[in-house]
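To start, the structure itself, in structure tokens.
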Amino acid sequence: MKFSELVDVGELQKLCESFTRLTGAVTAVLDLDGTVLVSTGWQDICTRFHRVNAQTAARCHESDTVLAGQLSHGQEYNVYQCKNGLVDVAVPISIGGEHVANFFTGQFFFDTPDRLFFSRQAQAFGFDESAYLRALDKAPVFSAEHVRAMMEFFTRLAQIMGEMGLARAELKLANDSLQASEANYRQQATTDFLTGLPSRRSFIMRLEDELARLSRTSGQSIALLMLDLDHFKQINDRCGHATGDALLRHFAVQVADELRRIDMAGRIGGEEFAIVLPGADPAAALAFAHRLCERVANSTLHYQGESLSLTVSIGVTDLRKTDTDPDVALARADKALYLAKERGRNRVELAE
């Protein structure tokens, strides 16, 4: 995870701005990709001159690279005198033991700068000498003791940032885990684990919605089908539960392939399924049921070296405004289903 995702960069910017106002020291926080996340108080001699000239900018880049490279080797902090004449310092930021960013300060001197050196540098690189020297005079001079004190602060600050980042990372991980658990619970509560079709509970809730919609409108047709796999128990007992489960999944695929987006199929229990077809009148529902019945009978499951086939019996009814709850409609469809069983299976019957 990126450092910028683990800390409040805006608050870190404000903290560094306060530090710069108190000490005159510049700050910068860069991630390991080199992206500048925080920048405060940079000196004119760097921003107006060194960083904009190709040759001196190359020296700045060299300073950044050396500092960052040494930090990656585990140093607590690193001090480097840039070839442009100023001193830079960097502190690593680690989260959970992993180096994720660097904290920089610098653009200062340990001693009073040699104005002759900078005057010659201005001439060598084509800088406006008077403006360059005025910018030089703004750069602070810190004693080695003062820099050590600052580095103690920066080191501790980097540790705190790392600890805050780790806490945020752990919190995000916990939240992600909680959300995944909740999503998994919802999935388990609404989906049949074996077939992937909606569970009985989800299907009943859908029937309740359809009955409520039917009570508010007129001229609506909503069909309900009950389905039961023929001789499934015999197949299950003869071939084993793994084969029976494979057949249930195979059947669920056949059903799902016949559904429109507005339809819904659910596993009611065992080898029993149900389908609701909004907008389907009895004739359309019967046509659907016969088509599905034929499709299932003509399909073959190849499983563990065996070729298995099955058939399905289907009872069809329509939802009615007089249905007080889903169970009333399901019982009517179930009665038609068992009539199909009694009349030879692999067939469709319409409820009275």
Residues of segment 89-120 satisfying the condition of being in contact with a Leu (Cβ under 6 Å, 6 or more places away or on another chain), open to solvent by less than 20 Å² (accessible area, probe 1.4 Å) and within 19 Å of Ser63 (Cα to Cα): Ala90, Asn102, Gln107, Phe118
Quick check on segment 16-38: of everything there that is without any contact (Cβ under 8 Å) to a residue 24 or more places away in the chain and among the aliphatic types (A, V, I, L, M), which residue is surrounded by the most Cβ atoms within 10 Å (Cβ to Cβ)? Val36
Being in contact with a strand residue (DSSP E or B) (Cβ under 7 Å, 6 or more places away or on another chain), more than 18 Å from Ile262 (Cα to Cα), of a type in the set (S, T, N, Q) and modelled with pLDDT of 95 or more, is that true of even one residue in segment 300-313? yes
Of all strands (runs of 3 or more DSSP E) fully inside segment 75-162, the set with 1 or more residues that are within 16 Å of Thr23 (Cα to Cα) and at pLDDT 85 or above is 87-95, 98-108
Just need a number here: residues in segment 314-345 that are touching a residue at least 60 places away in the same chain (Cβ under 8 Å), over 46 Å from the mean Cα position of the chain (by Cα) and part of a loop (DSSP other than H, G, I, E, B). 1
Search result, residues across segment 121-156 that are open to solvent by 60 Å² or more (accessible area, probe 1.4 Å), over 17 Å from Ala25 (Cβ atoms) and hydrophobic (A, V, I, L, M, F, W, C): Ala124
In this structure, does Thr324 turn out to be open to solvent by 10 Å² or more (accessible area, probe 1.4 Å) and of a type in the set (Ser, Thr, Tyr)? yes
Identify all residues within segment 192-244 that are under 18 Å from Lys341 (Cβ atoms) and basic (Lys, Arg); write none if there are none. Lys233
Would you please name the residue that is nearest to Thr105 (Cα to Cα), looking only at residues in segment 54-65 that are open to solvent by 30 Å² or more (accessible area, probe 1.4 Å) and among the polar types (S, T, N, Q)? Thr65
Quick one: count up the residues across segment 39-56 that are part of a loop (DSSP other than H, G, I, E, B) and touching a residue at least 40 places away in the same chain (Cβ under 8 Å). 3
Per the list (1) open to solvent by 70 Å² or more (accessible area, probe 1.4 Å); (2) more than 17 Å from Gln159 (Cα to Cα), residue check on Gly85 breaks on (1)
Sole exception among (1) open to solvent by 30 Å² or more (accessible area, probe 1.4 Å); (2) over 23 Å from Gly96 (Cβ atoms) for Ile160, by number: (2)
Inside segment 333-352, the number of residues satisfying the requirement of being of a type outside the set (Phe, Trp, Tyr) and open to solvent by 40 Å² or more (accessible area, probe 1.4 Å) is 11
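The values are calculated or read from the model by the stated rules, or taken from the named source; none is laboratory data. On a predicted model such as this, the values are computed, not experimentally measured, just so you know. For neighbour counting, all protein chains shown are included, and Cβ atoms are generated from backbone atoms with ideal geometry for every residue, glycine included. For accessibility, only protein heavy atoms count, side chains too; no ligands or nucleic acids. Shrake-Rupley method; radii C 1.70, N 1.55, O 1.52, S 1.80 Å.
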